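Visitor: The structure that follows is given in the form of structure tokens.
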Amino acid sequence: MKNTTIRAIDAIQEAQKIAFAPFVFQATVSLRKLGVFNLIFEKRKKGGITIEAISKELSISTYGIGVLLEIAESSQIVTKDDEGRYLLTTTGYFLNYNETVNVNINFTNDVCYKGLFHLNESIKTGKPEGLKELGNWSTVYEGLSQLTPEIQKSWFEFDHHYSDAVFDDALEIVFRNNPKTIFDIGGNTGKFAIRSCSFNEDVSIKIIDLPGQLKKALTNVKNEGFEKRVSGYEIDWLKDNPEIPNGADTIWMCQFLDCFSEEEILKILTTAVKSMTNETELLIMETFTDRQRFDNAKFILEATSLYFTVLANGNSKMYPAEVFLKLIDKAGLVIREDISIGEYHTMFVCKKK
Ligand SMILES: C[S@@+](CC[C@H](N)C(=O)[O-])C[C@H]1O[C@@H](n2cnc3c(N)ncnc32)[C@H](O)[C@@H]1O
């Protein structure tokens, strides 16, 4: 976006918005949590609702509702008419009711907010300095299974939101050659394994992940009754010389490689290649910054990169596809198909060179 023609008065307004962005964010979180947005929306057909009426209905002081709605009005989240009645703007509506905005707000507030304070340190050290706000681990992945329930819920809802919706389309491609054995690398909570077992009655899946995460995934798999067809394999890709077993018809890596630096991605892909035959398909599904149709999607991915910097591991990010193209080639793989899936994702179907 170019801003060469922006007037100084507008530019200072934009700068002030950034200077106070955390205030607007926290006011929004509070208006959501207190049910003020819901109430304003419910009253839309009556022309809106005043601060006094909101205060009475929600048993919160007029002072409290007033300070929140003042900044919300200046931020174009609500409007106020001459009788002092508030309505949601379209932005306010999305802040309260859009599913993607909802998972992003919860993720920002519950998982990232406190940790982000340490971003400058992380940029200098290359370490996730904000992670200490959540627990004492060297990467967030070590701690995923130990996060408090509220933080864990927001983390998993964020993660799942961006993959769940595309699993249906992805499964059609994964199973078009009828694989009997799939390795799900970075299987997380076992969602893909469970969906695969429901989709195809013959397939066996091996989830490959860190021990804590694997335990959680296998419990979920058992709860769905698929424990005979899903096994686990413990790995820490950050250790020296990781190895995975042979025997997969398909290796599945969804929203996984972005959790690593370029050097680490190359190590993972090279290790995977060693376990592949000429027939094995390696499927990489990612959200690439240079493959987004909408600016807001690119913006979400750039913010997610900062989460990786300050909280996840200090050295990974959401990558442009061109970085992956180079690493895939370097690892000894060739891309047979390059498929766009859903709103955000790209799938690379890779084979050994
Ligand atoms: C973003 S999640 C993957 C999400 C999942 N595949 C999906 O599509 O929803 C990343 C996964 O990589 C795993 N992971 C991260 N670092 C790892 C490491 N050093 N060794 C092994 N697995 C790791 C995490 O435990 C987590 O399950």
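Visitor: So if I take the alpha carbon set of segment 81-202, get Rg, then get Rh from the Kirkwood formula, what is the Rg over Rh ratio?
Guide: Values: Rg = 19.7 Å, Rh = 17.7 Å.
For segment 81-202, the value is 1.11.
Visitor: Using Cα pairs closer than 8 Å and at least 6 residues apart in sequence, work out the relative contact order for segment 8-97, in percent. Walk me through the numbers on the way to the answer.
Guide: On the way: 83 pairs, mean separation 26.6, N = 90.
Once normalised by length, the contact order is 30 percent.
Visitor: Just the Cα atoms of segment 222-292: what Rg and Dmax do they give in Å?
Guide: For segment 222-292, the Cα radius of gyration and maximum Cα-Cα distance read 14.1, 40 Å.
Visitor: Right, another one. In terms of modelled amide H atoms, which long-range or inter-chain residues lie less than 5 Å from the amide H of residue 281?
Guide: 250, 251
Visitor: Is the shape of segment 183-257 best called rounded, prolate or oblate, per the rule: a/c under 1.5 gives rounded, else a/b larger than b/c gives prolate, else oblate, with a ≥ b ≥ c the square roots of the Cα gyration tensor eigenvalues? Provide the component values of the computation, followed by the final result.
Guide: Details: a/c = 1.91, a/b = 1.45, b/c = 1.32.
In terms of gyration-tensor shape, prolate.
Visitor: Right, another one. When the accessible area of the chain is computed with all protein chains present and a 1.4 Å probe, what percentage of it is carbon and sulfur?
Guide: Looking at the chain in its full context, I get 52 percent from C and S.
Visitor: Roughly how big is the chain's charge dipole about its Cα centre, with Cβ charges of +1 (Lys, Arg) and -1 (Asp, Glu), in debye to the nearest 20?
Guide: 140
Visitor: Per DSSP H run of at least 4 residues, take -39500 (n - 2.57); add these up for the chain, divide by its residues and hand me the 222 nm value, nearest 500 deg cm²/dmol.
Guide: Working: 16 runs with 168 residues, N = 353.
Mean residue ellipticity, 222 nm, calculated: -14000 deg cm²/dmol.
Visitor: For each pair in 17/216; 228/353; 17/124; 56/298, compute the distance between the two Cα atoms and list the pairs where it is over 32 Å. Can you show the working numbers first?
Guide: Numbers: 17/216 42 Å; 228/353 34 Å; 17/124 26 Å; 56/298 42 Å.
From the list (17/216; 228/353; 17/124; 56/298), the Cα-Cα distance tops 32 Å for 17/216; 228/353; 56/298.
Visitor: When the convex hull of the C-alpha atoms of segment 101-352 is computed, what volume per residue in Å³ does it have?
Guide: Numbers: hull volume 30.2 nm³, N = 252.
Convex hull volume per residue, Cα atoms: 120 Å³.
Visitor: Are there any trypsin sites (Lys or Arg not before Pro) in segment 172-266 that are in a DSSP loop and have at most 10 other Cβ atoms within 10 Å? List them by number.
Guide: Working: sites: 176, 180, 191, 195, 206, 215, 216, 222, 228, 229, 239; in loops: 176, 180, 228, 229, 239.
Counting only loop positions with at most 10 other Cβ atoms within 10 Å, the trypsin sites (Lys or Arg not before Pro) in segment 172-266 are 176, 228, 239.
Visitor: State the dimensionless ratio Rg/Rh of segment 291-350 (Rg: radius of gyration of Cα atoms; Rh: Kirkwood radius).
Guide: Numbers: Rg = 13.1 Å, Rh = 12.9 Å.
A ratio of 1.02.
Visitor: Can you list the equivalent-ellipsoid semi-axes of segment 8-97, largest first and in whole Å, using the square root of 5 times each Cα gyration tensor eigenvalue?
Guide: Numbers: eigenvalues 103, 38, 30 Å².
Calculated on Cα positions only, the semi-axes equal 23, 14, 12 Å.
Visitor: Per residue, what accessible area does the chain have, given a 1.4 Å probe and all protein chains present, in Å²?
Guide: Working: 18390 Å² over 353 residues.
Heavy-atom accessible area per residue stands at 52 Å².
Visitor: Taking every eigenvalue of the Cα gyration tensor of segment 139-208, multiplying by 5 and rooting it, what semi-axes result, largest first, whole Å?
Guide: Values: eigenvalues 135, 36, 16 Å².
Taking √(5λ) for each Cα gyration eigenvalue gives 26, 13, 9 Å.
Visitor: Then there's this: Given a cut-off of 32 Å, name the pairs among 80/132; 180/330; 239/351; 127/326; 191/351 whose C-alpha atoms lie farther apart than that in the structure shown.
Guide: Details: 80/132 42 Å; 180/330 28 Å; 239/351 25 Å; 127/326 25 Å; 191/351 25 Å.
Long pairs (Cα-Cα over 32 Å): 80/132.
Visitor: Which GluC sites (Glu not before Pro) in segment 126-220 pass both tests, a DSSP loop state and at most 12 other beta-carbon atoms within 10 Å? Show your work: numbers first, answer last.
Guide: Numbers: sites: 129, 133, 142, 150, 157, 172, 201; in loops: 201.
Sparse-neighbourhood loop GluC sites (Glu not before Pro): 201.
Visitor: Starting from the alpha-carbon convex hull of segment 203-339, give the projected area averaged over all orientations, in nm². Working shown, then result.
Guide: Details: hull surface 37.5 nm².
So the Cα hull casts an average projection of 9.4 nm².
Visitor: Give the relative contact order (percent, whole number) for the chain; include only Cα pairs under 8 Å separated by 6+ residues.
Guide: About 14 percent, as a whole number.
Visitor: Span-like helices, the chain: DSSP H, alpha-carbon axial extent 27 Å or more, mean Kyte-Doolittle -0.5 or greater, which ones?
Guide: Both cut-offs are met by 149-174.
The values are calculated or read from the model by the stated rules, or taken from the named source; none is laboratory data. From a predicted model like this one, the values you see are computed outputs, not experimental measurements. Quick reminder, even Gly has a Cβ in these numbers, built from the backbone with ideal geometry, and neighbours come from all protein chains shown. These area figures cover heavy atoms from the full protein model, side chains too; ligands, DNA and RNA do not enter into them. Shrake-Rupley method; radii C 1.70, N 1.55, O 1.52, S 1.80 Å.
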